[in-house]
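Everything below concerns the one structure shown next.
Read-outs throughout are calculated quantities, based only on the coordinates presented, and are distinct from any laboratory measurement. Because the structure is a prediction, the values reported are computed rather than measured. Neighbour counts run over all protein chains shown; Cβ positions are idealised from the backbone, glycine included.
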Ligand code: DAT
Ligand code: MG
């Protein structure tokens, strides 16, 4: 078998460390959890999110009362945007992240361990494979994603 092209064949998800996670110095801690799990980092950049990008990203919530505050928050400081790959990564990343409200998120999840308020829940993760595809193409150009295979792959995947 040749080199696995992760960005093409592996399931991918979009993950963003929100401004509170960046300001609180949790970037390394959050990335560590995905790395340790065995998922593959395929793209990463720091972004000052525009109002347009924030509104498009959260467009499903446009009519919700918290929408203006959410857009203001996500544009309030730099965000670390990432694409992670791996088998079942979309659903598994949501488990690593934890429930939307950090007060009910299980201990051991990112939100459960570090969050205390629904409006400051540290991290975004795509909620379905189709959502992930939409969010990846919204935040990243295809050439910003790196095709590579970690040397440890046979020790993570059977
Ligand atoms: P998730 O980020 O877990 O996918 P979501 O898509 O329902 O949650 O909502 C997007 C974000 O909006 C969420 O991360 C935090 C914010 N939010 C959701 N419900 C909220 C509420 N009731 N009050 C304030 N902010 C809320
Ligand atoms: Mg969501």
Could you please rank 46, 82, placing first whichever residue has the fewest other Cβ atoms within 10 Å of its Cβ?
-> 46, 82
Per the rule of 0.36 nm per residue minus the C-alpha distance, extending residue 95 to residue 153 adds in nm 18.7 nm
Among 114, 157, 58, which comes first, then next, by fewest other beta-carbon atoms within 10 Å?
-> 157, 58, 114
Quick one: grab the alpha carbon gyration tensor of the stretch 114-154, order the square roots of its eigenvalues as a ≥ b ≥ c, and give me rounded if a/c is under 1.5, else prolate or oblate depending on whether a/b is larger than b/c.
-> oblate
Least to most buried among 104, 109, by other C-beta atoms within 10 Å and fewest first, runs 104, 109
Show that you can apply the helix-only estimate: for the chain, add -39,500 (n - 2.57) for every DSSP H stretch of four or more residues, divide by all residues, and state [θ] at 222 nm to the nearest 500.
-> -10000 deg cm²/dmol
Sites residue 143 and residue 116, calculated FRET efficiency, Cβ-Cβ separation with R0 30 Å, nearest 0.05 | 0.20
Sort the following peptides by mean Cβ neighbour count (other Cβ atoms within 10 Å, averaged over residues), highest first: 93-99, 124-130.
-> 93-99, 124-130
Mean Cα-pair separation over length for the stretch 55-158, i.e. relative contact order, pairs under 8 Å, 6 or more apart, % | 19
Which of rounded, prolate, oblate describes the stretch 46-158, given a ≥ b ≥ c as roots of the alpha-carbon gyration tensor eigenvalues and a/c under 1.5 marking rounded, otherwise prolate only if a/b is larger than b/c?
-> oblate
